[in-house]
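Step one of this worksheet: look at the structure below.
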Amino acid sequence: GQQLNQSPQSMFIQEGEDVSMNCTSSSIFNTWLWYKQDPGEGPVLLIALYKAGELTSNGRLTAQFGITRKDSFLNISASIPSDVGIYFCAGQGQGGSQGNLIFGKGTKLSVKP
Amino acid sequence: NAGVTQTPKFQVLKTGQSMTLQCAQDMNHEYMSWYRQDPGMGLRLIHYSVGAGITDQGEVPNGYNVSRSTTEDFPLRLELAAPSQTSVYFCASSMVGGNYGYTFGSGTRLTVV
């Protein structure tokens with residue numbers, strides 16, 4: 001079945017640094033989504049991407065839908081302590097069951113003040 | 001507007017016991033789903049529903065049953081709990097298609113001893 005490879009698995013950075021993470025797949029996806037999960041909570045949608053090559057920002061977050069439709073990137077600029085959490089990519093592929101998303105395994109971000 | 005409400009938040013079961021995890025949404029979403037989250041495994045789809053009276057299996061359905069008698073509710077039933085079902089369970093909903101992203105509940109942490 002379709003799988004998403006998300007990297008890195010974890011990151012330890014200093015406050016103020018920029019962060020990059022990505023998701024890749026051997027399959028083509030029609031939609032890419034990025035979620036953040038705070039400890040003890042459910043994932044919350046950060047950014048949604050619908051077209052190949054699309055670049056979308058949400059405050060200090062920027063995500064891109066890869067031109068091949070097989071990857072996506074999330075960048076966080078000038079990280080702050082509240083950026084701590086697990087970031088998930090998710091995609092909806094061609095031929096997938098109606099509404100079902102495939103999730104990456106997550107990138108755990110730790111920020112040192 | 002409550003969004004997606006899951007109950008209970010925490011539960012401890014003995015092996016062989018049964019229980020129902022509740023999920024309700026007030027956004028009139030047709031699509032609802034259940035995921036389990038385990039360390040290093042990301043989010044794995046258990047069951048999903050595209051509307052009242054319609055359910056289907058996801059990636060890891062064994063040991064779980066669902067029903068969808070109303071648009072609002074999508075309970076997850078564990079008939080004979082096993083230690084392998086120790087996990088955090090998330091319910092999610094969206095408009096049909098998933099392209100708009102899911103809204104997640106805050107999760108149920110289940111321990112089977």
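The values are calculated or read from the model by the stated rules, or taken from the named source; none is laboratory data. What you are looking at is a predicted structure, and each value in this text was computed from that prediction instead of being measured. No Cβ is skipped: glycine too gets one built from the backbone with ideal geometry, and neighbour counts run over all protein chains shown.
For (1) closer than 21 Å to residue B:90 by Cβ; (2) of a type outside the set (A, V, I, L, M, F, W, C); (3) surrounded by fewer than 14 Cβ atoms within 10 Å (Cβ to Cβ), each residue gets a yes or a no:
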| residue | (1), (2), (3) |
| --- | --- |
| A:13 | no, no, no |
| A:23 | yes, no, no |
| A:54 | no, yes, no |
| A:87 | yes, yes, no |
| A:112 | no, yes, yes |
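Scanning the stretch B:50-68 for residues that are part of a strand (DSSP E or B) and either without any contact (Cβ under 8 Å) to a residue 40 or more places away in the chain or in contact with a Cys (Cβ under 8 Å, 6 or more places away or on another chain) (or both) turns up B:54, B:55, B:56, B:57, B:64, B:65, B:66. Somewhere in the stretch A:59-68, is a residue over 20 Å from residue B:29 (Cβ atoms), away from chain B (no Cβ under 12 Å), assigned to a strand (DSSP E or B) and in contact with a Pro (Cβ under 9 Å, 6 or more places away or on another chain)? So far as the stretch A:59-68 goes, no, none of its residues is over 20 Å from residue B:29 (Cβ atoms), away from chain B (no Cβ under 12 Å), assigned to a strand (DSSP E or B) and in contact with a Pro (Cβ under 9 Å, 6 or more places away or on another chain). Could you please let me know if residue B:14 is within 12 Å of chain A (Cβ to nearest Cβ) and modelled with pLDDT of 95 or more? When the stated conditions are applied, residue B:14 does not pass them.
All conditions but one from (1) within 10 Å of chain A (Cβ to nearest Cβ); (2) over 11 Å from the mean Cα position of the chain (by Cα); (3) at pLDDT below 95; (4) more than 14 Å from residue B:4 (Cβ to Cβ) apply to residue B:79; the one that does not is (1). Given the structure, is residue B:102 hydroxyl-bearing (Ser, Thr, Tyr) and modelled with pLDDT of 95 or more? Judged against the criteria, residue B:102 is not a match.
Inspect the stretch A:40-51 for any residue being closer than 23 Å to residue B:94 by Cβ, outside any strand (DSSP E or B), within 14 Å of another protein chain (Cβ to nearest Cβ) and out of contact with any Ser or Thr (no Cβ under 9 Å at 6 or more places or on another chain) and give the result as yes or no. Can you show your working first?
Of the stretch A:40-51, the ones closer than 23 Å to residue B:94 by Cβ are A:40-51.
Of the ones still in play, those that are also outside any strand (DSSP E or B) are A:40-43, A:50-51.
Next cut, within 14 Å of another protein chain (Cβ to nearest Cβ) only: A:40-43, A:50-51.
Next, from what is left, pick out any that are out of contact with any Ser or Thr (no Cβ under 9 Å at 6 or more places or on another chain): A:43, A:51.
Yes, some residue in the stretch A:40-51 is closer than 23 Å to residue B:94 by Cβ, outside any strand (DSSP E or B), within 14 Å of another protein chain (Cβ to nearest Cβ) and out of contact with any Ser or Thr (no Cβ under 9 Å at 6 or more places or on another chain).
Of the residues making up the stretch B:22-71, those that are within 13 Å of another protein chain (Cβ to nearest Cβ), touching an Asp or Glu at 6+ places or on another chain (Cβ under 8 Å) and either hydrophobic (A, V, I, L, M, F, W, C) or buried (at least 18 other Cβ atoms within 10 Å of the Cβ) (or both) number 8.
Assess whether residue A:106 counts as being without any contact (Cβ under 8 Å) to a residue 12 or more places away in the chain and at positive phi. In short, no. Selection over the stretch B:73-105 of residues that are closer than 16 Å to residue B:20 by Cα and assigned to a loop (DSSP other than H, G, I, E, B) gives a count of 8.
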